[in-house]
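Input: a single structure, listed below in structure tokens.
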Amino acid sequence: MAGQTITLRLTIQDPFPGVAYSLHKANAPVEPRIASDGPLSFDAPVTLTDDNRFTGPFVRREGPTRRFVYICIGTSAGQHGSEWSRRAKIDIHDIPAVLLAQARGGVTLQAVLPGPGKDGTPACATVRPLQPWRTA
């Protein structure tokens with residue numbers, strides 16, 4: 001099925017300074033970056049099919065409908081010796097259709113994510129945006 005490439009921007013509002021973060025593509029970290037004191041953003045190009053399903057090398061799937069993108073943290077992002085080895089799973093299958101239509105027009109869609117989890121360590125597992133998806 002044909003598709004169109006759109007951009008999803010994942011911004012970690014308050015990442016842990018000194019810790020590596022990266023997108024996850026084909027079972028490997030991509031362009032890891034060490035966090036500083038400010039927000040850290042990653043742009044993930046994904047393919048949106050004609051029926052609004054997500055595909056592409058950054059998209060992972062679980063079951064018939066769930067689609068998500070991983071952000072790797074610490075050793076998972078290639079930072080040897082880090083005390084953290086985690087991945088944050090960001091759901092994308094529930095982005096509203098009105099936003100997907102705007103993305104088809106060239107607009108980047110953005111999710112702002114927390115850096116720390118409820119336990120005060122880097123957020124991992126399923127990480128919910130701090131606010132709904134929006135245009136960047």
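Observations on the structure shown:
- Qualifying residue in the stretch 64-80 (condition: within 18 Å of Tyr21 (Cβ to Cβ), touching a Cys at 6+ places or on another chain (Cβ under 6 Å), in contact (Cβ under 8 Å) with a residue 60 or more places away in the chain and not hydrophobic (A, V, I, L, M, F, W, C)): no
- Within the stretch 36-66, being of a type in the set (Gly, Ala, Ser) and either in a strand (DSSP E or B) or under 11 Å from the mean Cα position of the chain (by Cα) (or both) holds for Ser41, Ala44.
- Test: Arg128 is within 21 Å of Pro15 (Cα to Cα), in a loop (DSSP other than H, G, I, E, B) and either of a type outside the set (Gly, Ala, Ser) or without any contact (Cβ under 8 Å) to a residue 12 or more places away in the chain (or both): yes
- Long-range neighbours under 8 Å by Cβ, at least six apart or interchain, first residue of a type in the set (Ser, Thr, Tyr) within the stretch 81-105, second part of a helix (DSSP H, G or I) and surrounded by 13 or more Cβ atoms within 10 Å (Cβ to Cβ): Ser82/Thr75; Ser85/Thr75; Ser85/Ser76
- Test: residue in the stretch 101-121 that is among the polar types (S, T, N, Q), touching a strand residue (DSSP E or B) at 6+ places or on another chain (Cβ under 7 Å), at negative phi and assigned to a strand (DSSP E or B): yes
- Qualifying residue in the stretch 78-85 (condition: in contact with a Pro (Cβ under 9 Å, 6 or more places away or on another chain), surrounded by 14 or more Cβ atoms within 10 Å (Cβ to Cβ), at positive phi and part of a loop (DSSP other than H, G, I, E, B)): yes
- Looking across the stretch 9-29, the residues that are among the aliphatic types (A, V, I, L, M), over 13 Å from Leu113 (Cα atoms) and in contact (Cβ under 8 Å) with a residue 24 or more places away in the chain come down to Val19, Ala20, Leu23, Ala26.
Throughout, read-outs are computed from the coordinates displayed, never taken from laboratory work. These numbers were taken from a predicted model, which means no experiment stands behind them. Using ideal geometry, Cβ is built from the backbone for each residue, glycine included, and neighbour counts are taken over all protein chains shown.
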